[in-house]
Amino acid sequence: MPLNIVVLVKPVVDPKAVVRFRPDGTIDRSAAKLVANPYDKYAVEAALQLRERYGGRVVGLSMAPPQAADALREVLAMGVDEFVLLSDPRLAGSDTLATSYALSAGVRMIERKLGKVDLVVCGIESSDSNTGHIGPEVGEWLGIPSVSYVDTVLDVSEGYVVVKRLIEGGYMKLRVRLPAVLSIAGTSYQPRIPTLRDVLASRRKQITVVGVDDIGVDPSLVGLAGSPTRVVRMWRIEIKRKSKIFTDTDVDALVEKFLEELRKDGITLSR
Amino acid sequence: MARTVLVYVEVSDGKIEDHSLELIGKARELATKGGMDVGALVVGHGVRELARELIYRGADEVHVVDDPRLGTYRLLPYTKAVAHVVGATSPEVVLFSATVVGRELAPRVAARLRTGITADCTDVDIGSWTDPLSGRVYENILYQIRPTFGGEIMAAIVTPQHRPQMATVRPGLFPIPQRDETRSGRVVEWSVELDEDSLDSIEVLEVRREMRKVDLKSAKIIVSGGRGAGPKGFELVRELAKLLGGEVGASRAAVDAGWISYDHQVGLTGQTVKPDIYIAVGISGAVQHIVGMKDSKIVIAINKDPEAPIFRVADYGIVGDLFVVLPKLIEKLKQGRLPGGS
């Protein structure tokens with residue numbers, strides 16, 4: 001059974017970069033390099049493995065400013081067939097309810113083009129907002145089941161998907177009706193590293209940029225106006241980690257340097 | 001009808017989860033500040049008799065949805081039950097624990113009710129807020145405080161106009177309220193119409209769950225091993241923990257691999273810990289692990305990959321092969337060269 005899979009990818013500020021504030025207290029994203037959310041790459045890997053097993057097509061879907069297209073190229077190089085980038089100034093300031101609404105409209109648009117979408121997959125959360133809301137909320141807007149913390153997709157057949165999902169203290173095996181949204185918790189799907197050939201091939205793949213009017217969303221339900229939540233303020237956490245990282249080819253010197261530093265900082269390594 | 005702070009209560013093996021009791025205590029605090037009542041909502045099968053206990057712990061009213069078809073947690077029927085009671089009682093605030101269930105169920109309910117939700121709060125408070133655009137003042141609304149950008153930044157978030165104001169709150173941060181048998185409250189039983197469509201959407205084929213015996217929450221020192229440790233590495237992790245008088249922790253990967261039991265797991269699907277010293281050995285630092293240990297006072301990471309995300313949350317990092325570093329560290333500590341000692 002060939003599968004049509006939509007994978008949701010969020011372009012995020014490179015997690016390795018230092019977060020900068022504007023004078024008004026909002027985060028300055030303009031200077032920062034955007035990359036694909038690392039947790040979404042596990043979902044991309046899961047989608048690609050499902051395509052290899054069952055056949056079908058994997059379409060990426062993102063909502064971001066147009067300059068985010070570069071961040072999507074690395075995911076196309078991994079093997080995603082094409083991308084739809086939802087980009088419109090009216091989407092700025094969307095919280096998770098508004099974002100999930102817009103993304104669900106994006107899924108419906110892809111469906112009109114591709115035929116029935118069987119699975120929507122995404123990472124468990126984003127590395128910048130860390131909410132994990134998008135999977136369940138997209139599921140709700142589409143009126144289909146969703147499963148968060150999916151460890152492995154075990155089987156797809158006869159209109160159902162069987163997944164192993166993590167719970168406190170173990171796991172659950174669930175049989176879920178298709179179409180469904182799966183939030184992939186990572187670790188089981190190590191993202192593949194594209195080869196140079198993959199990178200070159202990805203340049204020919206298409207990124208279709210669409211706006212609010214193209215996908216038929218109600219403009220009053222997106223952007224700041226469509227977002228119930230407001231960020232009042234943001235501040236840097238005061239308990240900064242010391243980040244004293246030691247390297248040395250000589251292990252004796254390495255461990256000695258580390259213990260010396262602990263002594264200097266007055267830290268006792270025992271109860 | 002009184003304005004209410006409603007807590008969604010999780011039940012496991014017929015017992016109210018500790019994190020749900022913590023939330024009842026927190027809700028009591030919010031309710032007192034904002035002139036509200038505390039409500040509790042419990043969904044499941046055979047959960048009726050838990051209502052009294054929730055009142056003893058601080059609830060003024062307990063809403064019960066008790067149905068044999070709700071014996072095992074399944075997202076869509078549970079969404080239906082929660083959204084039904086919330087829709088009918090119109091609470092001001094609804095709080096969920098930021099657990100695997102809470103972080104899936106709460107956003108689903110929020111989207112159904114078309115309201116806002118904030119994830120994984122480390123604190124919630126009641127206060128007033130002036131909208132800088134309209135100048136309108138909102139009194140007694142919920143401040144939702146949470147880390148963002150991987151924990152580097154804190155954000156305060158409000159939901160000024162939509163109701164209920166919803167949040168998931170991280171477990172293990174607030175005290176469990178004292179039991180007071182003199183308290184009284186109201187119990188409301190609901191029967192929710194569950195359609196076949198949502199009941200059929202998810203079938204639970206198998207549940208594997210280990211019970212927890214080791215309590216890492218009160219440990220002062222934890223030495224944790226991860227995927228990089230392997231069974232041999234765990235021998236070293238145990239030896240170091242013993243030497244330091246600490247407990248042994250582990251990442252999910254190590255537990256799944258069978259090198260150590262689930263009791264020792266730190267992270268989202270394990271325990272949330274905040275020891276004085278946390279030593280992560282061969283743990284790369286997946287977000288699911290980091291949420292469970294990032295409130296530790298001092299974090300020490302030992303990993304051969306200098307790019308491992310664990311180093312970003314570490315005070316001290318040793319880049320090196322744990323199979324070489326740990327024996328050397330143990331040897332030096334045994335020589336009585338404990339730092340801080342004479």
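The values are calculated or read from the model by the stated rules, or taken from the named source; none is laboratory data. Quick caveat: nothing in here was measured; it's all calculated off a predicted structure. Positions of Cβ are backbone-derived with ideal geometry, glycine not excepted, and every protein chain shown enters the neighbour counts. Please note that ligands, DNA and RNA were not included when accessible areas were found on the heavy atoms of the full protein model with its side chains. Shrake-Rupley method; radii C 1.70, N 1.55, O 1.52, S 1.80 Å.
Numbers for the structure displayed
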read-out	value
Matching option when the condition is outside any loop (DSSP other than H, G, I, E, B) and either at pLDDT 85 or above or facing chain A (nearest Cβ under 8 Å) (or both), among B:Gly340, B:Gly285, B:Gly317	B:Gly317
Strands (runs of 3 or more DSSP E) wholly inside segment B:172-273 containing at least 1 residues that are among the hydroxyl-bearing types (Ser, Thr, Tyr)	B:221-225
Boolean, A:Glu125 is in contact with a His (Cβ under 9 Å, 6 or more places away or on another chain) and open to solvent by less than 30 Å² (accessible area, probe 1.4 Å)	yes
Some residue of segment A:229-240 being in contact (Cβ under 8 Å) with a residue 24 or more places away in the chain, open to solvent by less than 60 Å² (accessible area, probe 1.4 Å) and facing another protein chain (nearest Cβ under 7 Å)	yes
Hey, A:Glu111 open to solvent by 20 Å² or more (accessible area, probe 1.4 Å) and either at positive phi or within 7 Å of chain B (Cβ to nearest Cβ) (or both) or not	no
Positions within segment B:71-107 being of a type in the set (S, T, N, Q), open to solvent by 10 Å² or more (accessible area, probe 1.4 Å) and not in a helix (DSSP H, G or I), in sequence order	B:Thr72, B:Ser90
Residue ID - surrounded by the fewest Cβ atoms within 10 Å (Cβ to Cβ), chosen from residues in segment B:281-307 that are touching a Pro at 6+ places or on another chain (Cβ under 9 Å) and within 15 Å of A:Leu269 (Cα to Cα)	B:Lys297
Leading residue by the ranking (most open to solvent (accessible area, probe 1.4 Å)) among those in segment B:108-134 that are of a type in the set (Val, Ile, Thr) and either within 8 Å of chain A (Cβ to nearest Cβ) or under 24 Å from the mean Cα position of the chain (by Cα) (or both)	B:Thr122
Only listed residue being in contact with a helix residue (DSSP H, G or I) (Cβ under 8 Å, 6 or more places away or on another chain), crowded, with 16+ Cβ neighbours inside 10 Å and at pLDDT 95 or above, chosen from A:Leu174, A:Leu182, A:Leu166, A:Leu178	A:Leu182
Residue list for segment B:8-25, restricted to those being of a type in the set (A, V, I, L, M, F, W, C) and touching a Gly at 6+ places or on another chain (Cβ under 7 Å)	B:Val11, B:Ile24
Residue check for B:Glu181: among the acidic types (Asp, Glu) and open to solvent by 60 Å² or more (accessible area, probe 1.4 Å)	yes
Residue that is nearest to the other protein chains (Cβ to nearest Cβ) [pool: residues in segment B:192-251 that are surrounded by 14 or more Cβ atoms within 10 Å (Cβ to Cβ) and polar (S, T, N, Q)]	B:Ser201
Options B:Ile290, B:Ile298, B:Ile302: the member that is under 15 Å from B:Gly228 (Cα atoms) and of a type in the set (A, V, I, L, M, F, W, C)	B:Ile302
Verdict on A:Gly93 being facing chain B (nearest Cβ under 10 Å), under 21 Å from A:Thr229 (Cβ atoms) and of a type outside the set (Lys, Arg)	no
Segment B:135-151: number of residues that are within 11 Å of chain A (Cβ to nearest Cβ) and in a strand (DSSP E or B)	9
Within segment B:38-63, tally of residues that are open to solvent by 50 Å² or more (accessible area, probe 1.4 Å) and not basic (Lys, Arg)	2
Neighbours by Cβ (under 6 Å, 6+ apart or cross-chain): first from segment B:13-28, within 19 Å of B:Val100 (Cα to Cα); second assigned to a helix (DSSP H, G or I) and open to solvent by 10 Å² or more (accessible area, probe 1.4 Å)	B:Ile16/B:Leu50
Considering residues of segment A:132-146 that are more than 7 Å from every other protein chain (Cβ to nearest Cβ) and in contact with an Asp or Glu (Cβ under 9 Å, 6 or more places away or on another chain) only, the residue most open to solvent (accessible area, probe 1.4 Å)	A:Ile134
Residue match in segment A:202-223 (condition: among the small types (Gly, Ala, Ser), at positive phi and more than 12 Å from chain B (Cβ to nearest Cβ))	yes
One residue from A:Val35, A:Val80, A:Val13 being open to solvent by less than 60 Å² (accessible area, probe 1.4 Å) and modelled with pLDDT of 95 or more	A:Val80
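Yes/no matrix, rows are residues, columns are (1) of a type in the set (S, T, N, Q); (2) under 30 Å from B:Ile300 (Cβ atoms):
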| position | (1), (2) |
| --- | --- |
| A:Ala201 | no, no |
| A:Asp213 | no, no |
| A:Val217 | no, no |
| A:Val222 | no, no |
| A:Thr229 | yes, no |
| A:Arg233 | no, no |
| A:Arg236 | no, yes |
| A:Lys244 | no, yes |
